Amino acid sequence: MRTVRNVHRRIVEAPADAVGLLIDRLSAPDDPLFPTPVWSAMVLDRPLGVGADGGHGRARYRVGAYEPGRSVRFDTTGTRLGTGYHRLDVEPLGPDRCRITHVLQLAMPEGLFAAWLLAFKPVHDTIVEEILDNAERAALGSLSRPRAQRPLRARLFHRLAWPHPTAVPVPADARLLQEAFERPDFTDAWRMALAPGMSRDPQDWRHVLPFPALGAAGRELMLGKDASHLDFRSSVLVGDESVTLATAVRLHNTRGRLSFSLVRRVHPYMARRMLRRAHRRVALTTPPAGQRNRTPRATGTGDRPQRA
């Protein structure tokens with residue numbers, strides 16, 4: 001077994017009480033610290049407190065200790081990344097200055113230790129530094145120079161681990177698409193969940209496909225093109241929880257049928273790829289959590305997610 005101890009510290013020119021309040025909002029819908037939607041959100045099965053169970057991504061843990069406004073410790077509940085804990089502490093250094101510290105300590109087998117060095121550590125270090133950047137943004141209102149860096153291995157892991165679309169029926173709410181063709185010869189739809197902070201404005205998803213916009217209504221944007229052999233329409237429908245890319249095709253003649261018999265073999269792959277690429281682009285261009293959620297919502301912590 002190998003023991004990993006990883007420590008990140010940041011001096012923040014703000015009162016410890018102000019920074020401590022940010023810790024109290026971890027896992028809430030207006031969490032100002034965890035770097036969503038670029039990385040998977042922290043989700044707990046109840047408001048932050050001892051016994052709350054959940055995790056982020058593949059990391060699973062339970063709150064083992066919690067001192068409101070000062071410290072929280074998460075104990076691992078799975079062995080995928082080893083056994084141990086990670087914790088976040090705020091220490092006063094004066095009336096308007098404090099230190100925020102993140103400590104990860106894990107015991108892991110030799111084989112897992114190699115994976116930690118090659119893949120998990122760059123991702124972990126990136127996420128923690130982005131948490132500390134968000135602490136400064138939320139506490140001070142700005143961040144002159146982000147200290148978090150995304151090394152090549154972290155960027156590669158981020159790209160490879162990004163979620164994939166799933167096949168769904170064409171949504172009934174995609175009214176522009178439903179009304180485009182009375183009897184389409186082909187339809188399909190692909191959906192991805194939206195992470196906290198991601199845009200729900202369909203115009204921000206305009207470049208999911210390189211085709212002209214033909215109309216918009218509510219949260220639906222219609223793209224498409226007409227040709228002599230076939231017409232196609234693609235609907236980008238953005239809901240509260242997901243974004244759906246749906247397509248309908250109308251064939252005109254033998255040339256259209258022959259052409260589409262080839263296209264339909266690659267269409268599902270291309271539709272998934274384009275939606276996934278647009279989804280990741282929107283996430284990467286979303287303002288950081290420390291900027292979006294600097295001020296707590298009036299509802300407080302009562303709206304925390306209730307599932308892990």
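Between 244, 101, 285, the GNM of the chain built on Cα springs shorter than 10 angstrom shows 285 fluctuating the most.
The amide H of residue 34, built 1.01 Å from its N in the peptide plane, has 27 as neighbours under 5 Å, considering only residues 5 or more places off or on other chains. For the pair the stretch 24-103 / the stretch 200-254, the C-alpha centres are spaced 40 Å from each other.
Farthest toward the dipole's positive end in the chain, which of 83, 64, 93, given Cβ charges of +1 (Lys, Arg) and -1 (Asp, Glu) about the Cα centre? The one lying farthest along the dipole's positive direction is 83.
Estimated from helical segments only, the mean residue ellipticity of the chain at 222 nm is -8500 deg cm²/dmol, where each DSSP H run of four or more residues counts as -39500 (n - 2.57).
In sequence order, the stretch 90-97 has phi-based couplings of 10, 10, x, 10, x, x, 10, 8 Hz under the Karplus curve 6.51 cos²θ - 1.76 cosθ + 1.60, θ = phi - 60°, and Gly or Pro positions carry x. Just so you know, the Cα atoms of the stretch 86-126 work out to an Rg and Dmax of 14.8, 46 Å.
Computed log10 I(q)/I(0) for the stretch 166-284 at 0.22, 0.23 Å⁻¹: -1.30, -1.40, from the Debye equation with unit scatterers placed on every C-alpha and solvent omitted. Once you order the gyration tensor axes a ≥ b ≥ c over the Cα atoms, which shape class does the stretch 1-145 get: rounded for a/c under 1.5, otherwise prolate or oblate by comparing a/b with b/c? Taking the square roots of the gyration eigenvalues as a ≥ b ≥ c, the stretch 1-145 is prolate. Computed over the stretch 76-161, the alpha-carbon pair-distance distribution with 10 angstrom bins reads 15, 38, 32, 13, 1, each value a whole percent.
Global size of the chain: 23.0, 79 Å for Rg and Dmax (C-alpha atoms, Rg to one decimal, Dmax whole). Couplings 3J(HN,Hα) of the stretch 194-207, computed from phi: 9, 7, x, x, 5, 4, 9, 8, x, 5, 6, 10, 4, 8 Hz, in residue order, whole Hz [Karplus 6.51 cos²θ - 1.76 cosθ + 1.60, θ = phi - 60°; x for Gly and Pro]. The amide H of residue 239, built 1.01 Å from its N in the peptide plane, has 244 as neighbours under 5 Å, considering only residues 5 or more places off or on other chains. For the chain, hydrophobic long helices are taken as DSSP H runs at least 20 Å long by C-alpha position along their axis with mean Kyte-Doolittle hydropathy of -1.0 or more; these are 121-140, 254-284.
For the stretch 168-179, 3J(HN,Hα) computed residue by residue from phi via the Karplus equation (6.51, -1.76, 1.60; θ = phi - 60°) reads 9, x, 4, x, 5, 6, 7, 5, 4, 5, 4, 8 Hz, glycine and proline entered as x. Pairs of Cα atoms in the stretch 35-120 fall into 10 Å distance bins, from 0 up to the last occupied one, in shares of 16, 42, 31, 10, 1 percent.
Where a number appears in this text, it was derived from the coordinates with a stated rule and is not lab data. Since this is a predicted model, take the numbers as computed values, not measurements. Reconstructed Cβ throughout: ideal geometry from the backbone, glycine too, with neighbour counts over all protein chains shown.
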